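See structure below.
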Amino acid sequence: MTDALGLTGLRYRFGKVEAVAGVDLTVAEGEIFGLLGPNGAGKTTAIRCITTLLPVPSGMVRVFGHDASRERMAVRRLLGYVPQQLSADGNLTGRENVAMFARVFDVPRRERAARVEQALTAVGLAEASGRMAATYSGGMVRRLELAQALVSAPRLLILDEPTIGLDPIARTGVWEHINAVRAATGMTVLVTTHYMDEADQYCDRIGLMHRGVLRACATPYRLKEDLRARQGGDGVPTLEEVFRDLAGSGLEGELEGGFRDVRSTRRTATRLG
Amino acid sequence: MSAAPAAPQPASADQLDLLLTPPRPLTGWRVLPARIAAMCVVELQKLRHDRSELYTRAIQPALWLLIFGMTFTRIGLIPSDGIPYLDYLAAGIIAQSAMFISIFYGIQIIWERDAGVLNKLLVTPTPRAALVAGKAFAAGIKALIQALVIVVLAAVLGVGISWNPLRLLGVAVAVVLGAAFFSCLSVAIAGIVRNRDRLMGIGQAITMPLFFASNALYPTSLMPGWLQALSAVNPLSYQVDALRGLLLGTPAHLPLDFAVLAVSAVLGIAAASALLPRLAR
């Protein structure tokens, strides 16, 4: 079976800074894969290479066998993308926001309304779809963005920090919808997050990135068991402890990131209130 | 303590059957008109929800017509090719209004970049040129509505406007092409400077020179030679010439005007498409 995603020796530099320093990674079809790491770890740069927003200067990115540097249109047809920022248009209703993406993905007119309705239903926004997106709560905006990504039936759904700034209930709501959609459609999900507890609970496998390098990649259970085996003792370590062991520091200690990362995160948090 | 609100229940699989099959992609020539239509629909939806921008943007051209136009018509200082100065000015104000709407379109693109909207659109299977053309013609829709307001106002003020439907269609095409060019110019500059403040400064710096180095306010024959040379390469001059000829029936070079506007729009789309990905980096 073709892997949903394959990165081979992916490197990307911003001037003198090597944001991604040779990442090899495969994501199997149908799994939820979490890419974890602090700001500046290289997660978003890797995501941008996968989504064709950035070129692939060194290495290879394949999405369901398509080369992301040579077959960009084919790759984009397979992707649903939710960026870190709150990107729904507040000047449109929820339904109009989703319909816009139905149009740019060439959903025929006869099918458009029904497909948009299904995407909104999938994220629990059917009743609120006539309201302006500017009136939505942060969790609703995130679910609306999920509906925008789902309307084209993507095979690989890429979520960049989908729950950043959300309260715990909204975070749970977003993840419940991601899981339900994944179960119903079988799509592959690639998600980046800061939240170790979310990754532990919802991801089938996790890749831990630090300073542009993938330090470990396995199931949450395997990562924790490996650390327990290395350290001994009876207690099950947390993913945070796994990360500390691999990176030499915790997530909080590494949250310096780049200026744009921090600005983007703050802007999102501000819009969410 | 009140109970926490429950999140809505996720949908079941049988409610999502349409989301299992990707739509069949359009190919070839149909992609461009489909994307332009999509962007124009979005623009119209936004205008339907909030018309305040249309009203506020109508103030400035109305003042130009009412104050500048009526005053200089009375003074009679500016030669206007044998027609009342207010009539002469009306076409210039339509073009000016379209340019002012479009020249800051790059700021909207930078805002969309900052909000993540641009990245999301760039990840869709849309050729950059189609995306830029869609945005450009969406700017044209705004300019068109603005032009309608000015034409009505000019008619109320007694400007002798031709109501021939074909001529009015020509006016619409000239307005949209001009707006497309200036919005693409703005997006191209946005792709170079990548910063809202810098773009605002550049926009303000070039708007008035473009306006004054054109035939919008006065015939180019009154200009010094160097300004006439600038006017000859300024697409705004060709837009004004076409608008004046179509609206008032004055002598115009319509084939040349539309050729220049069309070529300018195509070149603008090409330049903006090439520079747009810089905004996503």
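All of the numbers you see were taken from the coordinates with simple rules; none came from a lab. A quick note: this is a predicted structure, and the numbers were derived from the prediction, not measured. Glycine gets a Cβ as well: all are built from the backbone with ideal geometry, and neighbour counts include every protein chain shown.
Brief remarks on what is shown
- Extension gain (nm, one decimal) between B:Ala155 and B:Leu222, 0.36 nm per residue minus Cα-Cα: 21.4 nm
- Ordered by the count of other Cβ atoms within 10 Å of each Cβ, fewest first, B:Ser221, A:Ser137, B:Ser273 give B:Ser221, A:Ser137, B:Ser273.
- Here the residues A:Asp3, B:Asp197, A:Asp234, ranked from fewest to most Cβ neighbours within 10 Å of their Cβ, fall in the order A:Asp234, B:Asp197, A:Asp3.
- To the nearest ten degrees, helix A:109-122 and the longest principal axis of the Cα atoms of chain A are 50 degrees apart.
- Residue of A:Leu150, A:Leu159, A:Leu78 that the Gaussian network model of chain A assigns the largest fluctuation, springs spanning Cα pairs under 10 Å: A:Leu78
- On Cα atoms only, tilt of A:138-150 relative to the major axis of chain A in degrees: 80 degrees
- Rounded to 0.05, the FRET efficiency of the A:Arg222 and A:Val17 pair, given R0 = 25 Å and the Cβ-Cβ distance, is 0.20.
- The calculated FRET efficiency for the pair B:Leu66 and B:Trp29, based on their C-beta separation and a Förster distance of 60 Å, comes to about 0.85.
- Kyte-Doolittle mean at least -1.0, axial Cα span of 30 Å or more - DSSP H helices of chain B: B:128-156, B:165-193, B:254-280
- Cα-based helix-to-principal-axis angle, A:94-104 vs chain A, degrees rounded to 10: 80 degrees
- Partner lysines whose Cα lies under 18 Å from the Cα of B:Lys135, excluding those fewer than 8 positions away in the same chain, are identified as B:Lys46, B:Lys120.
- Annotation: aspartates and glutamates with alpha-carbon distance below 12 angstrom to A:Lys43 (same-chain offsets under eight excluded): A:Asp160, A:Glu161, A:Asp261.
- Most mobile listed residue (A:Asp160, A:Asp106, A:Asp204) in chain A, GNM with C-alpha springs under 10 Å: A:Asp106
- For chain B, a simple Cβ point-charge model (Lys and Arg +1, Asp and Glu -1, everything else neutral) yields a dipole of about 480 debye relative to the Cα centre.
- Selection from B:Pro255, B:Ala136, A:Val189 lying farthest towards where the dipole of the protein assembly as shown points positive, charges on Cβ: B:Pro255
- Fewest-first ranking of B:Met208, A:Met73, B:Met223, B:Met99, using other Cβ atoms within 10 Å as the exposure measure: B:Met208, A:Met73, B:Met223, B:Met99
- Theoretical ellipticity at 222 nm over chain A - DSSP helices of four or more residues, -39500 (n - 2.57) apiece, nearest 500: -12500 deg cm²/dmol
- In the elastic network of chain A, a GNM with C-alpha springs shorter than 10 Å, the most mobile of A:Gly233, A:Gly165, A:Gly42 is A:Gly233.
- DSSP loop GluC sites (Glu not before Pro) with at most 13 other Cβ within 10 Å excluded, longest remaining stretch of chain A: A:128-255
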